[in-house]
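> Structure provided below as C-alpha cells; questions to follow.
The values are calculated or read from the model by the stated rules, or taken from the named source; none is laboratory data. Because the structure is a prediction, the values reported are computed rather than measured. Note: ideal-geometry Cβ built from the backbone for every residue, glycine included; neighbour counts use all protein chains shown.
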Amino acid sequence: MAEKEEVSYSCFTVTSIGTLNRVKAFDKLLYVAKRFSNAEYPIRFQIIGEGDYERQLKKLCNELGVQNMVSFLGFKDNPYPYLKKSDVYVSTSLSEGFSLAIGEAMGLGVPVVATRTAGSVELLDDGRCGILTEHDDEAVYRGIKLLVDDEKLRRKYAEKATARSGNFAVDKVMQQIYQLFD
C-alpha cells in the first residue's frame, strides 16, 4: 500500500500518526518543532490523524508560530506512502501498548524516535532498534536531532527497524501462539 500513491518531500520530514487526543501528546511535537524553528533547521513535521484535540493543537501551532513547518494531514485511509517517504517517525505518547504505527514505520524501514512506554520499549528492543526518549520536550528534541544530524545513524536504525519488524509478522506470531498449545 505504500506504493499506491506518489509522495515526495522537499526537506527533512518527520511524521507522526495517531488519534489527536491528550494521551498521544502531539503538543510535545509542536514544542519540538518550535525548537527546530529557533535553530533554523529546514525541517517539516506532519501529523496524520484526527480527534477531539485537533482544534487545540492547531491553536498551539499558530501561537508557537510553527504553522509553516507543521502540517495536519487529517485522517488518511492509506497513510503508508506518507510514512514510507518520511525521514523519521516520532511517537510522543504518554502511554502506549503495542503501537501499530511504530511497527508499521519499522516495517517500512523508517527510523523511529519514541517516548518511553511499555509498547515502544518492546518494539524498539529497549532502544537497540530506535531511539527511546523520556517524555519531556527537550528529550524528544534531542532524540530527533540525533537523526536529523546523522544520516549514518538514520540508516543504521532504519536497517535495525526493518529487521526487527520481522519478529512481529503475523505468520511468525501465529507460530509462537501455536507452540504455546503444543
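> Within segment 139-165, work out how many residues are surrounded by fewer than 19 Cβ atoms within 10 Å (Cβ to Cβ), within 15 Å of the chain's Cα centre (by Cα) and farther than 22 Å from residue 36 by Cβ.
Here the count works out to 1.
> Can we say residue 116 is of a type outside the set (Gly, Ala, Ser), in contact with a Leu (Cβ under 6 Å, 6 or more places away or on another chain) and closer than 19 Å to residue 42 by Cα?
Answer is no for this residue.
> Which one of these does residue 36 not meet: (1) outside any loop (DSSP other than H, G, I, E, B); (2) farther than 19 Å from residue 117 by Cβ; (3) without any contact (Cβ under 8 Å) to a residue 60 or more places away in the chain?
So the condition that residue 36 fails would be (3).
> Also: Picking from 8, 71, 16, which residue would you name as being closer than 21 Å to residue 148 by Cβ, surrounded by 15 or more Cβ atoms within 10 Å (Cβ to Cβ) and modelled with pLDDT under 95? Give the derivation first.
Numbers: 8 fails: surrounded by 15 or more Cβ atoms within 10 Å (Cβ to Cβ); 16 fails: modelled with pLDDT under 95.
Matching residue, one of 8, 71, 16: 71.
> Shifting gears a bit: For segment 97-146, which residues satisfy the criterion of being closer than 18 Å to residue 31 by Cβ and either in contact with a strand residue (DSSP E or B) (Cβ under 6 Å, 6 or more places away or on another chain) or among the hydroxyl-bearing types (Ser, Thr, Tyr) (or both)?
If the condition is that a residue be closer than 18 Å to residue 31 by Cβ and either in contact with a strand residue (DSSP E or B) (Cβ under 6 Å, 6 or more places away or on another chain) or among the hydroxyl-bearing types (Ser, Thr, Tyr) (or both), then 113, 114, 115, 116, 131, 133, 135, 139, 140, 141, 143, 144 are the ones that fit.
> Now a separate question. Only residues in segment 82-107 that are under 17 Å from residue 127 (Cβ atoms) count as the first member; pair them with residues that are buried (at least 24 other Cβ atoms within 10 Å of the Cβ) and basic (Lys, Arg), Cβ under 6 angstrom, at least 6 apart or cross-chain, and list the lot.
Listed pairs, sorted by first residue: 93/24.
> Okay, moving on. Within segment 110-125, take every residue that is in a helix (DSSP H, G or I) and aliphatic (A, V, I, L, M) and give me the one that is surrounded by the fewest Cβ atoms within 10 Å (Cβ to Cβ).
Here is the first cut: in segment 110-125, the residues in a helix (DSSP H, G or I) are 118-123, 125.
With the extra rule that they be aliphatic (A, V, I, L, M), the set shrinks to 118, 121, 123.
Working: 118: 12, 121: 14, 123: 28.
Filtering segment 110-125 for residues that are in a helix (DSSP H, G or I) and aliphatic (A, V, I, L, M), the one surrounded by the fewest Cβ atoms within 10 Å (Cβ to Cβ) comes out as 118.
> If I ask for residues that are aliphatic (A, V, I, L, M) and either at positive phi or not in a helix (DSSP H, G or I) (or both), which ones from segment 65-109 would you list?
Looking only at segment 65-109, we keep the residues that are aliphatic (A, V, I, L, M), and these are 66, 69-70, 73, 83, 88, 90, 94, 100-102, 105-106, 108.
Listed by number, the residues that qualify are 66, 69, 70, 73, 88, 90, 94, 108.
> Here is a check on your reading of the model: is residue 66 out of contact with any Phe, Trp or Tyr (no Cβ under 7 Å at 6 or more places or on another chain), at pLDDT 95 or above and over 20 Å from residue 112 (Cα atoms)?
yes
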